[in-house]
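The values are calculated or read from the model by the stated rules, or taken from the named source; none is laboratory data. Nothing here was measured: the structure is a model prediction, and the numbers come from that model. Heads up, the Cβs are rebuilt from the backbone with ideal geometry, glycines too, and the neighbour counts pull from every protein chain shown. To get the accessible areas, we keep the full protein, side chains included, count just its heavy atoms, and leave off ligands, DNA and RNA. Shrake-Rupley method; radii C 1.70, N 1.55, O 1.52, S 1.80 Å.
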Amino acid sequence: MSAGRVTRRNLLLGTAALVPLLSGRASAFGEKSRFIPAVVKHGGRWDARLNGLRRIAWELQRRTSVEVLPDARACMLDSSEIFEYPFLYFGGDGDFPPLRDTEVENLRRYLTYGGFLLGDANDGSDGNGFDASFRREIARVLPQSKLTAVPSTHVVFKSFFLVDAAPGRLLNKPQMEACVLGKRAAVMYSQNDLAGAWSRTEAGDFEFDVSPGGEPQRELAIRIGINLLMYALCLDYKDDAVHLPLILDKRR
């Protein structure tokens, strides 16, 4: 990334410093030189895919020039700690209780300042389970920005790899949904268990089977995962200038 590129990291650091809640912690964000995925701790099963987050961070470093720490840092949403990370992963297996008002307010502030949240239904639910709980809580956090379908023309599908769908361990929905603030997708949501496709055991084996597309589907899930991380790290992607026309021609 070029030195002049605006990043969510810089934006969060600069704006968070204006908030009294963060006055004692904001400087720590600028000291982090490597990308670390942060994982939202909530009242349900929030830690089902920690191995997947570590793995996608490793893939990000292997396939791009981004330096990472292949870890998964658990964060409470009402803590100023979330402002130290440009990327938050909010996953779960099954439903979870409502967020506290302090968590809703702090997450709203984080997203408004430029933070990025990836919601991921580890249970592949649709209208119940994690899906119902996540939709309920995001509607509280961003009541003026409803989840809407992400078109295949969105820049996230070409922020690094050229892809046109977002499968995960499952393929319940071919596309993701997003909450948009201005021209920026502050929240993206998948019902396909993206991190389930990324996850490996300590022995190095993939932890879950991928259906219906098998290993080609897993590779697509890894690629969209890297695209999401690249989107989370940068604010100034231009929809018409992410790739050269020559590269786009090769896709056809």
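When nucleic acids and ligands are ignored and a 1.4 Å probe is applied, E81 ends up with an accessible area of around 50 Å². Peptides 61-69, 225-233, 108-116 ranked from most to least packed by the mean count of surrounding Cβ atoms within 10 Å: 225-233, 108-116, 61-69.
Computed over the Cα atoms of segment 123-214, what is the ratio Rg over Rh, Rh following Kirkwood? Here the Rg-to-Rh quotient is 1.00.
Taking amide H as placed 1.01 Å from N in the peptide plane, the amide H of V210 sits under 5 Å from none that are at least 5 places away or on another chain. If one puts a single equal scatterer on every Cα of segment 91-159 and applies the Debye formula without solvent, what log₁₀ I(q)/I(0) results at q = 0.24 Å⁻¹? After summing over all Cα pairs, the log10 values are -1.20. Residues whose amide H lies under 5 Å from that of S125, counting only those 5 or more places away or on a different chain, are F130, D131; hydrogens are built 1.01 Å from N in the peptide plane. For segment 96-214, the solvent-accessible area with a 1.4 angstrom probe is 41 square angstrom per residue. Report, in whole Å, the centroid distance computed from the Cα atoms of segment 135-168 and segment 172-201. Taking the Cα centre of segment 172-201 as reference, the centre of segment 135-168 is 6 Å away.
Other residues with beta-carbon under 12 Å from the beta-carbon of R223 carry, at +1 per Lys or Arg and -1 per Asp or Glu, a net charge of 0.
Here is the link list: K158/K183; K41/K173; K146/K183. Which ones come out longer than 21 Å on Cα distance? Pairs exceeding 21 Å: K41/K173.
Sparse packing (at most 14 other Cβ atoms within 10 Å of the Cβ) combined with a DSSP loop state is found for the following trypsin sites (Lys or Arg not before Pro) in segment 171-200: K183. How large a share of the accessible area of segment 38-121, in percent, is made up of carbon and sulfur atoms when the probe is 1.4 Å and the other protein chains stay in place? Using a 1.4 Å probe with all protein chains present, segment 38-121 comes out at 42 percent carbon and sulfur.
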